[in-house]
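Comments concern the structure below.
The values are calculated or read from the model by the stated rules, or taken from the named source; none is laboratory data. Since this is a predicted model, take the numbers as computed values, not measurements. Because the Cβ atoms are built from the backbone with ideal geometry, glycine has one as well, and the counts that use them run over all protein chains shown.
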Amino acid sequence: MDVDCINYKQTGYFSKLICDYLNEDEAVKPFYTNFPTLKNFEAQIEEKQRSFPDANRNILYDSLINQYVDVSISKKTKEHLIQLKEPITFTVVTGHQLNLFTGPLYFLYKIISTINLTKTLKKEYPKYNFVPVYWMATEDHDFEEINYFNFKGKKLHWNPEGHVGGAVGPMSTEGLQEVFEAFASELGSGENADFLKNLFEKAYVKHQNLTDATRFLANELFGEYGLVIIDGHDTDLKKLLMPYAKKDIFENIAHNEVSASIDLLQKASDDYKVQVNPREINYFYLKDGLRERIVAKANGYGVVGTDINWTKTELLQEIDEHPSRFSPNVIARPLYQEVILPNLCYIGGGGELAYWLELKSMFGAMSVPFPALLLRNSALIVSEKAKAKTAKLDLSVKDLFLDQNSLINKKIRAISNIDIDFTPQKELLEKQFADLYILAEQTDKSFLGAVKAQEIKQKKGLDNLENRLMQAQKRKLKDQVLRVTELQNELFPNHSLQERIMNFSELYLEYGEDLIPQLIDSLKPLDLEFTVLS
């Protein structure tokens with residue numbers, strides 16, 4: 001694949017907070033510890049090495065071995081699991097929901113960024129081991145966000161009967177046979193289509209729950225690269241979290257610290273939007289298909305929407321006896337990850353990094369090292385056909401990221417045989433009115449308002465004329481407008497980034513088994529630029 005890059009800010013798809021973070025803007029520096037450069041990982045390693053107990057490594061290893069008991073493990077993954085017991089081994093983590101058949105394409109980019117960063121770190125710090133980890137969000141309950149995937153403009157939905165909520169991981173895969181049959185009919189025939197059919201069927205029809213299906217799928221796609229897949233819904237791992245859960249539940253440390261950080265972020269810039277707000281208690285109660293918030297009450301604690309209630313003493317006992325029943329929310333889950341893993345870096349999308357930046361002071365209050373935060377690779381894959389169309393239309397890669405109206409206007413101006421840009425006329429008008437303002441000041445200042453009103457009226461008139469001329473040229477050059485529109489809609493489905501809509505299966509049909517190796521060769525996580533592959 002040919003590789004081109006574009007600055008994230010120039011794409012128009014990333015928030016000011018994330019762009020400022022990538023530029024290491026002074027306003028954002030209080031909200032993270034080590035910016036993800038090769039040099040800075042040395043300090044990250046030293047801090048994690050000092051703080052991560054060897055006993056936690058043994059618990060982590062035993063839990064992972066239990067989780068992999070019925071999974072065919074590659075040689076590389078087996079090596080990584082064994083290495084996790086060693087004090088010279090560290091992880092790089094990404095996390096994601098259990099989206100049906102991986103969901104959007106960026107699922108692949110997250111894991112590939114994670115794998116590639118561990119390779120880069122190994123070259124720079126050869127005396128250490130680095131393990132790529134995918135954290136499955138098995139305790140998430142947003143089923144409506146994960147029960148479909150897109151294929152060639154169609155949504156393939158899974159709508160199981162009787163689903164009422166709770167964590168998605170334990171959900172039965174019953175009903176996915178029908179989704180498989182619909183998918184198979186869309187795929188057609190051929191070697192790549194057969195691979196996709198076989199992969200979907202083995203993952204979802206032959207496994208009993210969504211956790212096992214997703215683990216199988218991720219392992220099939222990335223096992224040869226040594227990816228380690230972890231399920232946080234694990235009793236022994238939860239035991240390590242419970243001391244921190246108690247600080248959250250009984251002392252409201254997370255709520256207080258994150259709220260203060262949000263206030264500071266908003267003071268730093270009005271354009272920094274709050275991604276996630278903390279609750280006074282950031283844990284759910286998880287039991288028998290139930291996952292509901294724990295809240296404080298006048299006489300103790302309870303679970304929202306149920307008749308489950310505890311005194312403080314009873315809740316402490318429940319935590320100690322049944323740690324697996326306590327499920328961290330979006331605020332507490334990152335802490336859980338860093339408590340149980342010898343982790344150096346979290347790799348996520350812009351929205352994820354935005355809420356991680358709210359958490360640093362909470363980590364400090366809990367005495368847990370804050371990881372480096374790295375924006376996952378983002379990519380636009382341009383087919384040979386689309387590349388040829390782009391060249392024929394005389395468009396650049398950066399042009400394609402413009403909003404559609406701006407792109408069309410730019411193209412019409414470029415190919416029109418008349419000048420549609422009224423900027424010179426507007427500049428001349430401004431100069432004339434500047435003279436009028438001086439005249440009004442020297443004669444009667446009461447005329448300033450009238451001059452201003454007339455200036456606004458005449459500028460608006462020029463804007464209207466320019467717009468009418470542009471619309472006329474669009475009609476005249478409608479064939480060019482149609483070609484530009486079709487090309488951009490192909491590359492940016494639903495006026496969104498390709499990676500947020502498209503499923504990997506569409507690309508696999510074209511590239512086959514070369515898809516993931518080519519992406520691994522092309523995506524460079526520390527380059528911090530949007531990648532265009534053609």
Residues to consider are 239, 273; find the one that is charged (D, E, K, R), in contact (Cβ under 8 Å) with a residue 60 or more places away in the chain, in a loop (DSSP other than H, G, I, E, B) and under 30 Å from residue 111 (Cα atoms).
273
Could you list, in sequence order, all residues of the stretch 60-78 that are within 21 Å of residue 324 (Cβ to Cβ) and either at pLDDT 95 or above or in contact with a strand residue (DSSP E or B) (Cβ under 9 Å, 6 or more places away or on another chain) (or both)?
60, 61, 62, 63, 64, 65, 66, 67, 68, 69, 71
Among residues of the stretch 315-329, those that are in a helix (DSSP H, G or I) and either touching a residue at least 24 places away in the same chain (Cβ under 8 Å) or surrounded by fewer than 12 Cβ atoms within 10 Å (Cβ to Cβ) (or both), counted
8
Pairs returned, first residue in the stretch 67-92 that is without any contact (Cβ under 8 Å) to a residue 24 or more places away in the chain and of a type in the set (Lys, Arg), second residue that is assigned to a loop (DSSP other than H, G, I, E, B) and surrounded by 13 or more Cβ atoms within 10 Å (Cβ to Cβ), beta-carbon separation under 9 angstrom, 6 or more apart or interchain, are 75/226; 78/68; 78/226
Can you spot a residue in the stretch 362-376 that is more than 22 Å from residue 114 (Cα to Cα) and aromatic (Phe, Trp, Tyr)?
yes
Test for residue 308: is it touching a residue at least 60 places away in the same chain (Cβ under 8 Å), surrounded by 13 or more Cβ atoms within 10 Å (Cβ to Cβ) and β-branched (Val, Ile, Thr):
no
Among the candidates 268, 296, 254, 260, which residue alone is among the hydrophobic types (A, V, I, L, M, F, W, C) and surrounded by 19 or more Cβ atoms within 10 Å (Cβ to Cβ)?
254
Exclusive hit being farther than 30 Å from residue 280 by Cα, at pLDDT 95 or above, buried (at least 22 other Cβ atoms within 10 Å of the Cβ) and not aliphatic (A, V, I, L, M), set 225, 148, 204:
204
Does at least one position in the stretch 154-173 carry a residue that is outside the structural domain of residue 371 (by TED's automatic domain parsing), among the basic types (Lys, Arg) and under 22 Å from the mean Cα position of the chain (by Cα)?
yes
Looking only at the stretch 478-523, which residues are touching a Ser or Thr at 6+ places or on another chain (Cβ under 8 Å) and part of a loop (DSSP other than H, G, I, E, B)?
497, 503, 523
Of the conditions (1) out of contact with any Cys (no Cβ under 9 Å at 6 or more places or on another chain); (2) more than 30 Å from residue 413 (Cα to Cα), residue 527 satisfies every one except a single condition; which number is it?
(1)
Just for the stretch 438-450: of the residues that are part of a helix (DSSP H, G or I) and modelled with pLDDT under 75, which one is nearest to residue 425 (Cα to Cα)?
447
Would you check if residue 346 is among the hydroxyl-bearing types (Ser, Thr, Tyr), part of a loop (DSSP other than H, G, I, E, B), at pLDDT 95 or above and surrounded by 15 or more Cβ atoms within 10 Å (Cβ to Cβ)?
no
Can you find even one residue in the stretch 278-285 that is surrounded by fewer than 18 Cβ atoms within 10 Å (Cβ to Cβ) and either free of Cβ contacts under 8 Å to residues at least 24 places away in the same chain or assigned by TED's automatic domain parsing to the domain that holds residue 93 (or both)?
no
Taking the stated definitions as given, is residue 421 surrounded by fewer than 16 Cβ atoms within 10 Å (Cβ to Cβ), in a loop (DSSP other than H, G, I, E, B) and at pLDDT below 75?
yes
The number of residues in the stretch 524-534 that are part of a helix (DSSP H, G or I) and surrounded by fewer than 20 Cβ atoms within 10 Å (Cβ to Cβ) is 2
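Per-residue answers, yes or no, for (1) under 18 Å from residue 216 (Cβ atoms); (2) in contact with a His (Cβ under 9 Å, 6 or more places away or on another chain); (3) not aliphatic (A, V, I, L, M):
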| position | (1), (2), (3) |
| --- | --- |
| 109 | no, no, yes |
| 113 | no, no, yes |
| 117 | no, no, no |
| 120 | no, no, yes |
| 123 | no, no, yes |
| 128 | no, no, yes |
| 170 | yes, yes, yes |
| 178 | no, no, yes |
| 185 | no, no, yes |
Cβ-Cβ under 8 Å, sequence separation 6+ or interchain: first residue in the stretch 389-408 and in contact (Cβ under 8 Å) with a residue 40 or more places away in the chain, partner among the basic types (Lys, Arg) and crowded, with 19+ Cβ neighbours inside 10 Å. Which pairs?
393/411; 395/411
(1) modelled with pLDDT of 95 or more; (2) not assigned by TED's automatic domain parsing to the domain that holds residue 355; (3) not aromatic (Phe, Trp, Tyr) all hold for residue 335 apart from (2)
